[in-house]
Structure formats: structure tokens, C-alpha cells
1. Mind listing just one residue for me: the one in segment 9-34 that is buried (at least 18 other Cβ atoms within 10 Å of the Cβ) and β-branched (Val, Ile, Thr) and, of those, farthest from Asp47 (Cα to Cα)?
2. Is it the case that segment 26-47 has a residue that's in a strand (DSSP E or B) and without any contact (Cβ under 8 Å) to a residue 24 or more places away in the chain?
3. With Val70, Val60 as the choices, which residue is β-branched (Val, Ile, Thr) and free of Cβ contacts under 8 Å to residues at least 24 places away in the same chain?
4. So which of Gly68, Gly48, Gly63, Gly52 ends up being of a type in the set (Gly, Ala, Ser) and within 14 Å of Ile3 (Cβ to Cβ)?
5. Output the number of residues of segment 6-25 satisfying the condition of being closer than 16 Å to Asp50 by Cα, part of a loop (DSSP other than H, G, I, E, B) and either aliphatic (A, V, I, L, M) or at pLDDT below 95 (or both).
6. Say whether the condition of being surrounded by fewer than 10 Cβ atoms within 10 Å (Cβ to Cβ) and in a strand (DSSP E or B) is met by at least one residue in segment 48-69.
Amino acid sequence: MQIGYLASTDSAVTVSAGDSSTDTDVRQGLNTLYVMLDGTFDEVRIDGLDDGATVCVDTVVVGQPVPGEVLE
């Protein structure tokens, strides 16, 4: 899963979907978070932010990773 976000500060988070979850971190500013989750789901949750931290999610892309083009 690829999550595009804007965070007010660095913070620990838990990303959950279906029966799968993972603990990770967000970094202050505009960033992209990549997490691996298993199973099927129709909802994604981001919980466990530190006190005073806020995160605005812009995009969530779900699927199998595919290789990009060769860099020259």
C-alpha cells in the first residue's frame, strides 16, 4: 500500500486494513509511506498518532508492486 500524506510532525502510527496491521512512523511534511498488508479489505485506518500530531492523507494506492522503467 502506498499512502501519500502531509504530517505536522514526526510520529509513530499504526496502519490497519482488514485483519492486518503494521506499526510504522510518519515524518513531518509531505511524504509517502509504503506498508505491506495482507488480505482483502474495504477500509484503511491510521491510528496511534502522538499527542498533538495531525496527518492529512491525500492518496491511498493498493495493489501489487510492479517494476518501473529502466533509469538512464
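1. The qualifying residue farthest from Asp47 (Cα to Cα) is Val26.
2. Checking segment 26-47: at least one residue is in a strand (DSSP E or B) and without any contact (Cβ under 8 Å) to a residue 24 or more places away in the chain.
3. From the options Val70, Val60, the qualifying one is Val70.
4. Gly63
5. Selection size over segment 6-25: 0.
6. yes
The values are calculated or read from the model by the stated rules, or taken from the named source; none is laboratory data. This one's a predicted model, so the numbers in the text were calculated from it and none came from an experiment. For neighbour counting, all protein chains shown are included, and Cβ atoms are generated from backbone atoms with ideal geometry for every residue, glycine included.
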